[in-house]
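Just so it is clear, none of the values below were taken in a lab; they were calculated from the coordinates. The structure presented is a predicted model; accordingly, all values stated were derived computationally and were not measured. Cβ sites come from the backbone with ideal geometry, for glycine too, and all protein chains shown count toward neighbours.
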Amino acid sequence: MADGTFAVLLLIAGLSDMQQNYCSTPNGCLGKTEAEPRFSVSVGNWVERAADPQGEIYVRYDFDHKLGPFGVAAGLSVAENGETWIGFGQTYGWENDGFFAELHALTGLYFDNGGFDLGHPIEFRSGIELGYETKAGWRFGLGYDHRSNTGIFANRNPGVETVHVRVGIPTRRILQ
């Protein structure tokens, strides 16, 4: 799945959920509702494809609200050779007895800083995470992300994938 498959899945699942569960509510299809704000840190490695494998650290903040079924998130990653990505976008997830699955799609700016060239400064990051959430709201997950410019902005679109382990901390509960 080295393409935008996760972003398409997020859109299809989220729009279906929105139509079934949100559009008939007083807030409307994309009405603002409360969500658990969370700060996450992940460490992982780029998977060998066009780029050489290297370590990456990724921090993400999930905001305290949703728009319909879609969470709102911002992230920043820095790879071992200085490649930096910063972005903003949506999440969509499911939870059952502490276990969760979450899709995300964020649009951002990429700076190769002399490292691997992804072909354009605008790069999309989409992926999936599977994990467990404790009763205190801490999340532990394993994720897979894909980054590319989807070929929209440049002829060169090598893309990179990252496999990572993430820990999410519920900020509202920690700050109380």
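Residue by residue, here is whether (1) within 18 Å of Tyr110 (Cα to Cα); (2) crowded, with 16+ Cβ neighbours inside 10 Å; (3) of a type in the set (A, V, I, L, M) holds:
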{"residue": "Ser40", "(1), (2), (3)": "no, yes, no"}
{"residue": "Tyr58", "(1), (2), (3)": "yes, yes, no"}
{"residue": "Pro69", "(1), (2), (3)": "no, yes, no"}
{"residue": "Gly75", "(1), (2), (3)": "yes, yes, no"}
{"residue": "Val78", "(1), (2), (3)": "yes, yes, yes"}
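What is the number of the single condition among (1) at positive phi; (2) touching a residue at least 24 places away in the same chain (Cβ under 8 Å) that Gly151 does not meet?
(2)
Going by what's in this entry, would Gly143 be described as of a type in the set (Gly, Ala, Ser), touching a Ser or Thr at 6+ places or on another chain (Cβ under 8 Å) and surrounded by fewer than 20 Cβ atoms within 10 Å (Cβ to Cβ)?
On the way: of a type in the set (Gly, Ala, Ser): yes; touching a Ser or Thr at 6+ places or on another chain (Cβ under 8 Å): yes; surrounded by fewer than 20 Cβ atoms within 10 Å (Cβ to Cβ): no.
No; evaluated as a whole, the condition is false for this residue.
Does at least one position in region 63-78 carry a residue that is more than 17 Å from Tyr144 (Cα to Cα), of a type in the set (Phe, Trp, Tyr) and in contact (Cβ under 8 Å) with a residue 40 or more places away in the chain?
Yes, there is a match, as at least one residue in region 63-78 is more than 17 Å from Tyr144 (Cα to Cα), of a type in the set (Phe, Trp, Tyr) and in contact (Cβ under 8 Å) with a residue 40 or more places away in the chain.
Glu102 is checked against (1) closer than 28 Å to Met18 by Cα; (2) touching a residue at least 60 places away in the same chain (Cβ under 8 Å) and fails just one. What number does that condition carry?
(2)
Consider His120 carefully, then state whether it is more than 21 Å from Ser40 (Cα to Cα) and either out of contact with any Pro (no Cβ under 7 Å at 6 or more places or on another chain) or assigned to a strand (DSSP E or B) (or both). Don't jump to the end; show me each part of the working.
Working: more than 21 Å from Ser40 (Cα to Cα): yes; either out of contact with any Pro (no Cβ under 7 Å at 6 or more places or on another chain) or assigned to a strand (DSSP E or B) (or both): yes.
Taking the combined requirement at face value, the residue satisfies it.
Could you go through region 126-142 and let me know if any residue there is outside any strand (DSSP E or B) and touching a residue at least 60 places away in the same chain (Cβ under 8 Å).
Filtering region 126-142 for residues outside any strand (DSSP E or B) gives 134-138.
Next, from what is left, pick out any that are touching a residue at least 60 places away in the same chain (Cβ under 8 Å): 137.
Yes: region 126-142 contains one or more residues that are outside any strand (DSSP E or B) and touching a residue at least 60 places away in the same chain (Cβ under 8 Å).
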